[in-house]
Amino acid sequence: EDKVVQSPLSLVVHEGDTVTLNCSYEVTNFRSLLWYKQEKKAPTFLFMLTSSGIEKKSGRLSNILDKKELFSILNITATQTGDSAIYLCAVNTNAGKSTFGDGTTLTVKP
Amino acid sequence: DTGVSQNPRHKITKRGQNVTFRCDPISEHNRLYWYRQTLGQGPEFLTYFQNEAQLEKSRLLSDRFSAERPKGSFSTLEIQRTEQGDSAMYLCASRTTEMKGTSGGNEQFFGPGTRLTVL
């Protein structure tokens with residue numbers, strides 16, 4: 001059965017801190033790994049990677065995928081209170097199915 | 001608004017009743033997904049459609065759950081003989097299989113969800 005595990009489950013930091021969110025996976029026929037941000041409503045897309053490497057977005061967020069070791073890392077530098085949310089990792093397979101982790105709840109205090 | 005819409009947004013029902021939820025995806029999206037999400041957990045995959053074909057169903061989906069997408073556009077999710085354990089947020093998402101955007105079409109666009117409470 002496909003599995004996605006995220007850690008830590010929750011994290012509390014102060015503005016300006018750097019955080020690292022982890023996602024490991026075991027799936028059959030990996031296609032892509034995506035990160036979503038979920039605030040009070042539905043998840044919204046952040047990143048997608050299909051091959052090992054680094055992608056940056058908006059300067060403070062970066063995402064690493066290691067397909068050999070089957071994990072991904074989401075880094076957020078210079079955190080802001082607006083970064084407070086649940087961060088979800090999801091893996092898509094070639095069969096079209098998506099498996100989500102349980103998320104990391106990030107709280108950024110002023 | 002051209003996003004994914006779901007109706008109703010909230011549903012309270014008594015145990016044993018049947019409920020039906022509707023999802024209207026983004027119009028050009030051929031794939032439609034249903035998820036269930038409870039507090040402290042990520043979305044749990046239930047089923048997905050490519051156009052009108054239901055391609056995969058989760059083992060979570062007991063025989064009380066059924067989903068349809070008869071014309072390849074909107075979809076309905078029905079739960080028969082509801083149980084208290086069915087209380088959750090039911091999320092619908094859609095995507096295209098065309099290679100487009102920064103996600104190459106892999107990104108799913110989520111609706112606001114239907115929150116079900118079974119008393």
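Residue by residue, here is whether (1) hydrophobic (A, V, I, L, M, F, W, C); (2) within 24 Å of A:Lys3 (Cα to Cα) holds:
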residue: B:Val4; (1), (2): yes, no
residue: B:Lys14; (1), (2): no, no
residue: B:Tyr48; (1), (2): no, yes
residue: B:Leu55; (1), (2): yes, yes
residue: B:Asp63; (1), (2): no, yes
residue: B:Gln80; (1), (2): no, no
Every residue in the range B:10-25 that is in a loop (DSSP other than H, G, I, E, B) and surrounded by fewer than 17 Cβ atoms within 10 Å (Cβ to Cβ), please. B:Lys14, B:Arg15, B:Gly16, B:Gln17, B:Asn18
Hits in the range B:32-47 - residues which are assigned to a loop (DSSP other than H, G, I, E, B) and more than 8 Å from every other protein chain (Cβ to nearest Cβ): B:Thr38, B:Leu39
Please determine, by comparing only the residues of the range A:1-23 that are touching a residue at least 40 places away in the same chain (Cβ under 8 Å) and of a type in the set (Asp, Glu), which one is farthest from A:Gly101 (Cα to Cα). A:Glu15
Considering only the range B:94-103, I want to know if a residue exists there that is in a loop (DSSP other than H, G, I, E, B), β-branched (Val, Ile, Thr), under 26 Å from A:Glu1 (Cβ atoms) and within 11 Å of another protein chain (Cβ to nearest Cβ). yes
For A:Ile76, indicate whether it is in contact (Cβ under 8 Å) with a residue 24 or more places away in the chain, of a type in the set (Val, Ile, Thr), away from chain B (no Cβ under 14 Å) and surrounded by 19 or more Cβ atoms within 10 Å (Cβ to Cβ). yes
Restricting to the range A:36-63, and then to whatever is without any contact (Cβ under 8 Å) to a residue 12 or more places away in the chain and assigned to a strand (DSSP E or B), can you tell me which residue is surrounded by the most Cβ atoms within 10 Å (Cβ to Cβ)? A:Phe45
Looking only at residues in the range A:89-110 that are polar (S, T, N, Q), surrounded by fewer than 20 Cβ atoms within 10 Å (Cβ to Cβ) and at pLDDT 95 or above, which one is nearest to A:Ile73 (Cα to Cα)? A:Thr105
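The values are calculated or read from the model by the stated rules, or taken from the named source; none is laboratory data. Everything numeric in this text was worked out from a predicted model, so none of it was measured. For neighbour counting, all protein chains shown are included, and Cβ atoms are generated from backbone atoms with ideal geometry for every residue, glycine included.
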